[in-house]
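The values are calculated or read from the model by the stated rules, or taken from the named source; none is laboratory data. Computed from a predicted structure; not experimentally measured. Cβ coordinates were reconstructed from backbone atoms using ideal geometry, including for glycine residues, and neighbour counts include every protein chain displayed. Calculation scope for accessible area: heavy atoms of the full protein, side chains included, ligands and nucleic acids excluded. Shrake-Rupley method; radii C 1.70, N 1.55, O 1.52, S 1.80 Å.
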Amino acid sequence: MQSIKVADYLNHRPVTFNQDMRIEAAVEKLLQSGQSGGPVIDESRRVIGFLSEQDCLKKMLEATYQNESHSVVSDVMTKDPLCVNCEDSIVQIADMMSCNKPKIYPVVDEDKRLLGVISRANVLLAIDKHLHDTYMAGQRYV
């Protein structure tokens with residue numbers, strides 16, 4: 001199973017944000033995408049941060065108490081997020097995700113340019129497919 005790679009299961013069209021986007025606009029994008037977070041990228045598509053639902057929730061809650069919000073993504077994003085590359089093993093990523101790490105990792109090239117994201121759901125799909133294929137292959141020999 002070590003040969004199953006991130007490249008085979010990543011989401012090539014994740015929701016992304018720029019650091020100057022207002023939090024309210026970012027929340028709208030998150031809600032429309034169905035993702036629980038996404039990479040913050042610069043004009044060269046380099047990953048410079050990560051914005052999660054949890055980050056937004058904290059800031060939106062604060063805004064309700066103050067009855068206004070002037071926050072932008074860079075105010076609440078996680079700077080220097082954990083990233084993975086296409087050649088990483090799904091098993092390696094599953095192991096990382098099982099230890100309370102982020103639920104979604106940006107997938108980047110050697111220049112930290114965004115290629116996509118890999119989520120827990122993507123990893124579960126990869127493992128499930130592998131186990132199913134292994135079971136089916138074993139059934140052919142019974």
Qualifying aspartates and glutamates (Cα of each under 19 Å from Cα of K29; at least 8 residues distant if same chain): D20, D42, E43, E53, D55, D75
Mean accessible surface per residue for segment 12-142, computed with a 1.4 Å probe while every protein chain stays in place, in Å²: 62
The chain, helix-only ellipticity at 222 nm - DSSP H runs n ≥ 4, -39,500 (n - 2.57), divided by all residues, nearest 500: -12500 deg cm²/dmol
Above-threshold pairs, the threshold being 24 Å between Cα atoms, out of K79/K101; K5/K129; K5/K103; K5/K59; K5/K58; K59/K112: K5/K59; K5/K58; K59/K112
Percent RCO, i.e. relative contact order, over the chain, from Cα pairs under 8 Å lying at least 6 residues apart: 30
Potential lengthening between H130 and D8 on full extension [0.36 nm per residue; Cα-Cα distance subtracted]: 42.7 nm
Projected label distance in nm at M96 and D80, using a 7 Å step from Cα toward the beta-carbon: 1.6
Accessible surface of the chain, 1.4 Å probe, proportion on carbon and sulfur as whole %: 52
Two-decimal ratio, the chain, of alpha-carbon radius of gyration to 2.2 N^0.38 Å: 1.21
Top of V27, V107, V47 by mean-square fluctuation, Gaussian network on the chain, Cα under 10 Å: V27
Rounded to the nearest 10 Å², the accessible area of H70 at probe 1.4 Å: 130
Amide H contacts under 5 Å for I48, placed H, 5+ residues apart: V40, I41, D42
Separation in nanometres of the label points that stand 7 Å from Cα toward Cβ, at K29 and D42: 1.7
